[in-house]
1. To test your reading of the geometry: what angle, between 0 and 90 degrees and rounded to tens, separates the Cα axis of helix 53-64 from the longest principal axis of the chain?
2. Taking the 0 to 90 degree range and rounding to the nearest ten, how far is the long axis of helix 11-20 tilted relative to the main principal axis of the chain, both from C-alpha atoms?
3. With a 10 Å radius around each residue's Cβ, average the other Cβ atoms per peptide and rank 162-168, 269-275, highest first.
4. Any idea of the accessible area per residue across segment 204-287, 1.4 Å probe, to the nearest Å²?
5. Given the protein chains as shown and a 1.4 Å probe, how many square angstrom of ARG106 are accessible, to the nearest 10?
6. What aspartates and glutamates could a cross-link reach from LYS277, if we take a straight Cα to Cα line under 12 Å and drop same-chain neighbours fewer than 8 places away?
7. Translational diffusion coefficient of segment 204-287 at 25 °C, 0.890 mPa s, Stokes-Einstein with Kirkwood Rh over Cα pairs, in µm²/s as a whole number.
8. Volume per residue, Å³, of the convex hull around the alpha-carbon atoms of segment 1-97?
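The values are calculated or read from the model by the stated rules, or taken from the named source; none is laboratory data. Treat the numbers as computed from the prediction; the structure is a model and nothing was measured. Note that we place each Cβ from the backbone using ideal geometry, even for glycine, and neighbour counts take in every protein chain shown. Protein only, heavy atoms only, side chains kept; ligands, DNA and RNA dropped before computing areas. Shrake-Rupley method; radii C 1.70, N 1.55, O 1.52, S 1.80 Å.
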Amino acid sequence: MPDLDPLVPDVPALRSCLDAVGYLADDALATALLLAVRMRQPILLEGEPGVGKTEAARALAAVLDTPLIRLQCYEGLSSAEALYEWNYPRQLLAIRLAESRGEPLRDADLFTEDYLLPRPLLAAICHPGPRPAVLLVDEVDRADDEFEAFLLELLADAAVTIPELGTRTAAVPPVAVLTSNRTRDLHDALKRRCLYHWIDYPDTARVAAIIRRRVPEAAEWLAPRVARAVARLRARQELTKPPGIAEAIDWAGALHTLGLSVLDADAADRTLGAVLKYAEDLEAVRRAGLAELIDAEAGTDA
């Protein structure tokens, strides 16, 4: 098992490394990620959509200088779809080639490593190292109970059995990061297997800092004004989908792309589709008036 201590010796060092790859983490999140790496234990990150759960896994992979292997969950996802599939077109070609040559072909000849197409879970298990891959199981709450039970077993054993080829055990078990938007409650067994951290929506100052990091070419005045406007949008109870950090970044990027020098009601109206993604939300905000979203002094801070 590779020693990752020199890479992430302590929480301040991990925060600094995450910052260097563009992810601003607080002490609590950095501590949770450090424990996941050091203890070789999966971590479950829960929080509202758009608070940076997926980006946390991406940043951790960048810090560890290791591949990020992502499995996007969805309703009806089966273990077979997440593990592997066989290359049926290549198998069919092999059958026809053998027939044309008059050569015998056994089933065992068609179910070998040459015809195996690893999906994310198997790819993470078979990652050769030397550092563990970061396995991101994104939006696990969208999968069903059967897949959740399968995932629990796989995480516990760091191994999987392929009937035609036998058991594959991880030489370097992955750092598993599970994310959930909490659209449903996960089973207690899966939660007990994981470390847990809730990522809350950051305060306005941190959102502004994130915007500056992700849209560095934007004017200095833009980040805090967008952060405050997004905070006001999030305070509205009637919105179907309150904007998250990703939408704040998109909004700042849209305003910069258009070369706007102020964030006033007109600028907000022209770019509102970058931050609100439902027609009902757009209508509600425009009906209430856009002036209340922006600062009293809408001009630049220059």
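1. Long axis of 53-64 versus the principal axis of the chain: about 70 degrees.
2. 80 degrees
3. Top of the packing list down: 269-275, 162-168.
4. On the way: 3910 Å² over 84 residues.
Per residue, segment 204-287 has 47 Å² of solvent-accessible surface.
5. We get 150 Å² for ARG106.
6. Result set, ordered by chain and number: GLU247, ASP250.
7. Working: Rh = 12.6 Å.
This corresponds to a translational diffusion coefficient of 194 µm²/s.
8. Values: hull volume 16.1 nm³, N = 97.
In segment 1-97, the Cα hull volume divided by residue count equals 166 Å³.
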